[in-house]
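Please treat every number below as a calculation from the coordinates, not as lab data. The model shown is predicted, which means the values in this text are computed figures rather than measured ones. All Cβ positions, glycine included, derive from the backbone under ideal geometry; neighbour counts span all protein chains shown.
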Amino acid sequence: MPEHLNIDQIFIGRLTEITLANLMNEKFSVNDLAKESGMSRKVLGRRLHAIKKVTTAQFIREVRLHKALEILQNEYVTASEVSYKTGFGSPAYFNKCFHDFFGYPPGEVKKRGEYGSDQSILTNADKEIRLKKTSRIAYLRTIHGILILALVLGTAGLLIYNKVSIFGRDDNLISTDGRISIAVLPFRNMTNDTIWNIWQDNIQQILISSFSACNELKVRQKETMNPLLQARGLAEYSGLTTVIADKISQKAEANFFIYGTIEKAGSSIRLDAQLIKTKTIEVLQSFEITGQAKEEMIFSLIDTLKEKISAYLLISKILKKNPPWHDFYKTYPLTTNSPEALRFNIYGNKASDDKTAISWYLKALAIDSNYFDPMMGLSSRYSALGMEVQSLQWVLRYYNKKDRWPYVQQLWASWAYAFRFESNEERLKYLRQLQQIDDQNANTYFWLGLTYCWQQQYDKAIPELEKMYQLDRKLGKEFLEINYNYILLGEAYQKTNQNKKAKKLYKTAEKYITDDPMIISNQVILSLAEKDSSAASRYIGKYISVLRKNSSSESDIAANLALIYQEAGAIAKAEDYYRRALSLDPENPVLLNNFARFLGDNKIKQEEFNTEIDKALLLAPNKYDYCNYLANKGWGLYKFGHYQKALEILQQAWDSAPFKIFNIKYRLDEVKETVDRQK
């Protein structure tokens, strides 16, 4: 059955088709799009802004740019040719628009093919994504993907010993007009070599010119600063101290100033610069650039210096404008020096749609291929879409790069690897190390709780999850609104017969998270456990309504209800709903696999188990899923008592698996132990 699109998706799709049909017509305008869509310009603009938060002109330009990127990735053409093919007319204007939107020039598209290939996966994966969303198991996986993303968002800062980031100390960085006001003083020549005197003014002027080109900065010009210096008798700069520089910067009404020196040691020249807060003379950041003491090398040193200072200022502004990331990076080390990469990563973190988030993360990595946060974001967002192959590939990428990052990121990368490929004991080991570094980090408590839940050690899970809940309550409403701890802690309460606590927690959750399917499903299970048929019926009706609003198919709804009844112990009801789901979508391999696993776990209808799992294997969309289905077949046969056959199939699944995930190894080892005991 085809997946139904909602009205907004159909509307955007139609506008995209119209724009692409007029792609080479550079005169195609907002009025033309309105006319061809059968709407007035005003109504079209309002609706587009409501759906995508862009103007009509921006929408047309973005459609053209996405098509341009596709052409550049797949065809051997120049940027100029693409500019005319996509209706920009002027190659220079096309280059500017492309760079502004994607963060790099069109000429670099081929070089960035590693990440571009990930983008193309998204456009061809709709069927696989739909299959992966089937049943509550897939939805749980989606929630877990969002929770992995919480590591990137940082629901509580990760304390790196006593290291405090400078990003938390520039609270008055931005002026009332939204820009950073800054003064650049001449650099003092401390080399005792007058040949470098000329560079005292030259470095100042180059930095002023460079910073003035940035709209984010409000730079005091040389004509403003130098008369103030001369008025103090500092034409030679030898008496220019930080105190005097501060007073001059105050007169120039700059909130910050750059004070620098030129120093020489042997054959090396060094430019030292400090970004200092006016009035308090607090040094926010120091910059040091060293190179050969040759005049022809000075421009390279200055370029490096201005890039570092600009990046620092722009990153500071981006973080200041984006809580909670500003607070997060007070203590959590930032692993990029690129403002644009940071900006794109934040866009990805904020995106509610997984495909959109992936697009932003890929843009961030196209700028800085060693940036940790978007790599972790990609692994979680691909997992949320059910695209486990791509998710695991990204886990391996950042795990293999871990040694280049600060210690805490190394631990998180090692934990993420253990989360997919190693035992619960290894996962707990890294989490305990992280907890020793910072016992106020809510993420660590969540993952400890989840790991204990997977081991069915709910009594150990509850204290960890309760501690996370306490920490998030301290952080305020914003953290309670994105908090999926309600689901896990509530389930742990239910598993330990603390139903009153579970009910109270869900009531609290309803204040912050409206109509969350996972919370409602937990309320259904709780009502069924208490034999409260009236409440169960009410929650089931609400659950179905929410899923339909979220465009879930009737097959998906039936499969989710099957999982709810299965968890509630109503096996006959669960079986009925599985059969209803399969009658609506009989060739869905995920659904076939889940139903077969249900039959095996409950040791019912072995012949049907064999039939359904074999169908799933025939329809598996990739090798990764095939090996997981094969492992489920082996595990099901083990449950039915066919130990030797189960061992053979599980060994086959392990040997042929493209990723050696721990779940298969765990099952294989357990079956081996059983077979060995029988000998």
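Place +1 on the Cβ of every Lys and Arg and -1 on the Cβ of every Asp and Glu in segment 525-654, take the dipole about the Cα centre, and give the residue among LEU561, TYR543, ALA620 whose Cα lies farthest towards its positive end.
Highest projection toward the positive end goes to TYR543.
If we sort 307-313, 255-261 on the protection proxy, mean other Cβ atoms within 10 Å, highest first, what's the order?
Numbers: 307-313: 18.6, 255-261: 22.6.
Put in order of decreasing packing, that is 255-261, 307-313.
So if R0 is 25 Å, what FRET efficiency would HIS99 and ARG41 give, r being the distance between their Cβ atoms, rounded to the nearest 0.05? Each step should come with its number before you reach the end.
On the way: r = 29 Å, r/R0 = 1.15.
For HIS99 and ARG41, the calculated efficiency is 0.30.
Ordered by residue, what ³J(HN,Hα) values in Hz, to whole numbers, does segment 269-276 give under the Karplus form 6.51 cos²θ - 1.76 cosθ + 1.60, where θ = phi - 60° and Gly and Pro are x?
Those phi angles translate into 10, 10, 9, 9, 9, 10, 8, 10 Hz.
Can you run phi through the Karplus equation (6.51, -1.76, 1.60; θ = phi - 60°) for segment 61-69 and list ³J(HN,Hα) in whole Hz, with x for Gly and Pro?
Whole-Hz 3J(HN,Hα) from phi for segment 61-69: 5, 5, 4, 4, 5, 5, 5, 4, 4.
Calculate, in nm to one decimal, what ASP614 and THR224 gain on full extension: separation in residues at 0.36 nm each, minus their alpha carbon distance.
Working: separation 390, 0.36 × 390 = 140.40 nm, distance 7.93 nm.
The ASP614-THR224 span can extend by a further 132.5 nm.
For each pair in LYS350/LYS401; LYS85/LYS350; LYS320/LYS363; LYS321/LYS363; LYS501/LYS531, compute the distance between the two Cα atoms and list the pairs where it is over 29 Å. Working shown, then result.
Numbers: LYS350/LYS401 25 Å; LYS85/LYS350 33 Å; LYS320/LYS363 22 Å; LYS321/LYS363 20 Å; LYS501/LYS531 18 Å.
Distance filter (> 29 Å) returns LYS85/LYS350.
Take the Cβ-Cβ distance between MET190 and ASN215 as r, set R0 to 41 Å, and report the resulting FRET efficiency rounded to the nearest 0.05. Working shown, then result.
On the way: r = 34 Å, r/R0 = 0.83.
Computed FRET efficiency for MET190 and ASN215 comes out at 0.75.
Starting from the 7 Å offset along Cα-to-Cβ, what nm value, one decimal, do you get for the label separation of ARG580 and ASN31?
5.6
Please list, ordered by chain and number, the residues whose modelled amide H lies under 5 Å from the amide H of LEU217; skip anything fewer than 5 residues away on the same chain.
Correct list: ILE180.
Any idea which of LEU23, CYS97, GLN58 is furthest toward the positive side of the dipole for segment 7-111, if Lys and Arg beta-carbons carry +1 and Asp and Glu beta-carbons -1?
The Cα lying farthest towards the positive end belongs to GLN58.
Measure off 7 Å from each Cα along the Cα-to-Cβ vector at ASN497 and ARG677, then give the distance between these two points in nanometres to one decimal.
2.7
To the nearest 20 Debye, how big is the dipole of segment 7-111 about its Cα centre, given +1 on the beta carbon of each Lys and Arg and -1 on that of each Asp and Glu? Let's see the in-between values first.
Working: 16 positive and 11 negative charges, 86 e Å.
It works out to roughly 420 debye.
Once phi is turned into ³J(HN,Hα) by the Karplus curve 6.51 cos²θ - 1.76 cosθ + 1.60 with θ = phi - 60°, what whole-Hz value does each residue of segment 255-262 show in order, with x for glycine and proline?
6, 9, 9, 10, 10, x, 9, 10
Would you kindly state how much longer the chain becomes between ARG538 and ILE198 on full extension, computed as 0.36 nm times their sequence separation minus their alpha carbon distance, in nm to one decimal?
Working: separation 340, 0.36 × 340 = 122.40 nm, distance 8.08 nm.
Gain on stretching ARG538 to ILE198: 114.3 nm.
Can you sort THR611, THR191, THR444 by how many other beta carbons sit within 10 Å, fewest first?
In increasing order of surrounding Cβ atoms, one gets THR611, THR191, THR444.
Quick check on the exposure proxy: order MET39, MET375 from fewest to most C-beta atoms within 10 angstrom.
Numbers: MET39 17, MET375 24.
Least to most surrounded, the residues fall as MET39, MET375.
Using Cα positions and a limit of under 14 Å, work out the aspartates and glutamates in reach of LYS42, with same-chain residues fewer than 8 apart set aside.
ASP32
Quote the FRET efficiency, to the nearest 0.05, computed for ASP669 versus ARG548 with a Förster distance R0 of 30 Å and r equal to the Cβ-Cβ distance. Walk me through the numbers on the way to the answer.
Details: r = 43 Å, r/R0 = 1.43.
So the FRET efficiency works out to roughly 0.10.
Can you list the residues, at least 5 places off or on another chain, whose amide H is less than 5 Å from the amide H of TYR259, using H built in the peptide plane?
GLN274, ILE276
Please arrange TYR638, TYR93 by counting, for each residue, the other beta carbons lying within 10 Å of its beta carbon, fewest first.
Values: TYR638 22, TYR93 11.
Going from least to most buried by this count: TYR93, TYR638.
Want the number for GLU296 to ASP515: 0.36 nm per residue separation, take away the alpha-carbon distance, what's left?
72.3 nm
Based on the mean of other Cβ atoms within 10 Å per residue, sort peptides 289-301, 196-208 so the most packed one is first.
On the way: 289-301: 14.0, 196-208: 18.5.
My ranking of the peptides, most packed first, is 196-208, 289-301.
Using +1 at the Cβ of each Lys and Arg and -1 at the Cβ of each Asp and Glu in segment 246-381, identify which of ILE358, LEU271, LEU301 lies farthest towards the dipole's positive end.
Of ILE358, LEU271, LEU301, it is ILE358.
Give, rounded to the nearest 20 debye, the magnitude of the charge dipole that segment 167-320 has about its Cα centre when Lys and Arg contribute +1 at Cβ and Asp and Glu contribute -1 at Cβ. Each step should come with its number before you reach the end.
On the way: 18 positive and 18 negative charges, 77 e Å.
Value, rounded to 20: 380 debye.
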